[in-house]
Structure formats: C-alpha cells, structure tokens
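The values are calculated or read from the model by the stated rules, or taken from the named source; none is laboratory data. This structure is a prediction, so every number in the text was calculated from the model and none was measured. Methodologically, a virtual Cβ is constructed for each residue, glycine included, from the backbone with ideal geometry; neighbour enumeration extends over all protein chains shown.
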Amino acid sequence: MIPDSPQRQAEPDATRTQLVALLRRGTSTVDELARSLSLTDNAVRFHLSALEANGTVARMGVRKGPGAGKPAAIYGLTVAAEEAFSRAYAPVLAATMLELRESMSKSQLLGFLKRVGRRIAGTNESSRGSLARRVAQASSLLNDLGGITTVEQSGSSYRIVGTACPLASVVKTESCVCAAVTALVAEVAGADVRENCDRSGRPRCCFEIASA
C-alpha cells in the first residue's frame with residue numbers, strides 16, 4: 001500500500017481548521033458550511049463526524065428552512081473547544097495572584113487558595129469507596145483540568161505524579177497556587193495530602209497520600 005503524501009495527509013486537517021474557524025463565528029448547517037468552503041455536503045459531513053468524535057463540534061439543534069423539507073441540523077463548537085481557544089486564563093490568573101498577594105498576608109492567601117481548591121473539588125461528584133479509588137478519581141480530575149497524571153502505589157500509600165501541570169504558566173512565578181491543587185486532591189481523596197511538586201524547569205505535580 002502506497003502511503004499518502006504529506007500534502008494529502010495535511011488536506012483533512014486544513015479543511016477541519018477552516019470548519020472550526022467558521023463555527024467560531026456562529027452555528028451553521030451542513031449546507032451553509034459547504035457553500036462557504038466550496039465543498040459537497042457529504043465532504044462537510046465527513047469532516048464534521050471527525051470533529052464530533054474528538055469533542056470539538058456538536059449538534060446544537062435544527063433549523064427549519066422556508067420550504068417544506070426536513071429541518072437541517074445545526075452544528076457548533078462545544079464549550080471545551082471554545083475554552084481551548086482562549087489565551088486569557090493564564091495572564092488573568094497571574095494578575096489576580098499579584099493583586100491578592102498585595103492585599104493579603106501569606107497565611108490569608110494560602111487559606112484563600114485552599115478554599116478555592118475545595119470549592120473546585122466540591123463541584124464534582126463526591127468520591128466514595130476505597131482510598132485507591134478516591135486517589136484515582138483525584139488524578140482523573142486533575143487530568144480533566146489539563147494535567148497529565150498517573151497514580152503510583154507503595155504499600156498502603158499513594159502518589160499522584162504528573163508530567164504536565166495544569167497551572168504551569170503561573171506556578172513558575174506563583175508557587176503558592178499549588179496550595180489550591182493540594183486542597184482539591186485532599187478533598188477528593190478524603191485524606192491528608194503532602195505536596196512535593198517539582199517546580200524546576202517544566203513544573204511537574206507530585207502529591208503524596210498516606211492511608212490513615
């Protein structure tokens with residue numbers, strides 16, 4: 001079998017990038033997207049299916065046209081996809097930390113961050129079951145927030161080890177934000193947690209959880 005050339009491999013990505021750019025402006029039907037990109041309806045459906053599968057696009061309802069035909073499905077970007085385009089989170093968080101640092105003592109700031117972490121944990125389904133299960137749920141939540149973590153077990157103790165920190169861009173200058181993540185892990189795991197993150201170079205998470 002002859003592999004596709006790099007140019008042919010890049011064509012689907014280029015088309016999907018154009019589709020996403022159009023959908024960032026507002027929801028559209030297959031027919032509207034096809035006209036904008038000079039593609040057939042079937043070609044647009046093919047690419048939309050791929051974007052639906054990876055969570056970028058979703059059906060948002062239907063739109064009835066002027067005729068008596070079947071209503072057309074409306075497509076739009078998912079909330080997760082919209083958030084992925086925003087570059088505001090890191091600078092806003094960094095500026096917020098500076099403001100808080102100037103208006104609070106260190107103990108007040110740490111207490112505030114811990115409450116933030118517990119509040120984030122509280123918005124998720126409460127963790128039940130064994131400590132192993134609760135630790136796994138805490139790791140999964142960190143991954144949902146943008147981290148890349150795994151669980152390591154040693155006897156009756158556990159470690160959540162990360163290769164990517166969800167707050168990496170801020171942690172480099174404001175290491176105290178780790179207090180929020182530590183409180184989050186402790187709340188979900190239902191256990192005492194000791195933070196041992198590596199903040200040299202590329203920040204990497206590490207939370208140690210011992211059984212009671």
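Listed by first and then second residue, the pairs with beta-carbon distance under 9 Å, at least 6 apart or on different chains, first residue in region 34-63 and on the phi > 0 side of the Ramachandran plot, second surrounded by 16 or more Cβ atoms within 10 Å (Cβ to Cβ) and assigned to a helix (DSSP H, G or I), are 55/81. Summed over region 13-33, the residues that are in contact (Cβ under 8 Å) with a residue 24 or more places away in the chain and assigned to a helix (DSSP H, G or I) give a count of 9.
Please go through region 85-107 and pick out each residue that is aliphatic (A, V, I, L, M) and either assigned to a helix (DSSP H, G or I) or at pLDDT below 90 (or both).
First pass over region 85-107, keeping only residues aliphatic (A, V, I, L, M): 88, 90, 92-95, 97-98, 100, 104.
If the condition is that a residue be aliphatic (A, V, I, L, M) and either assigned to a helix (DSSP H, G or I) or at pLDDT below 90 (or both), then 88, 90, 92, 93, 94, 95, 97, 98, 100 are the ones that fit.
Is there a residue being among the β-branched types (Val, Ile, Thr), within 21 Å of residue 28 (Cβ to Cβ) and in contact with a Phe, Trp or Tyr (Cβ under 6 Å, 6 or more places away or on another chain) anywhere in region 119-141? No; the residues of region 119-141 include none that is among the β-branched types (Val, Ile, Thr), within 21 Å of residue 28 (Cβ to Cβ) and in contact with a Phe, Trp or Tyr (Cβ under 6 Å, 6 or more places away or on another chain).
Screening 177, 188, 171, 181 for residues that are buried (at least 16 other Cβ atoms within 10 Å of the Cβ), in contact (Cβ under 8 Å) with a residue 24 or more places away in the chain and farther than 22 Å from residue 108 by Cβ leaves exactly one candidate, 188. The single residue among 162, 146 that is under 21 Å from residue 84 (Cβ atoms) and buried (at least 21 other Cβ atoms within 10 Å of the Cβ) turns out to be 162.
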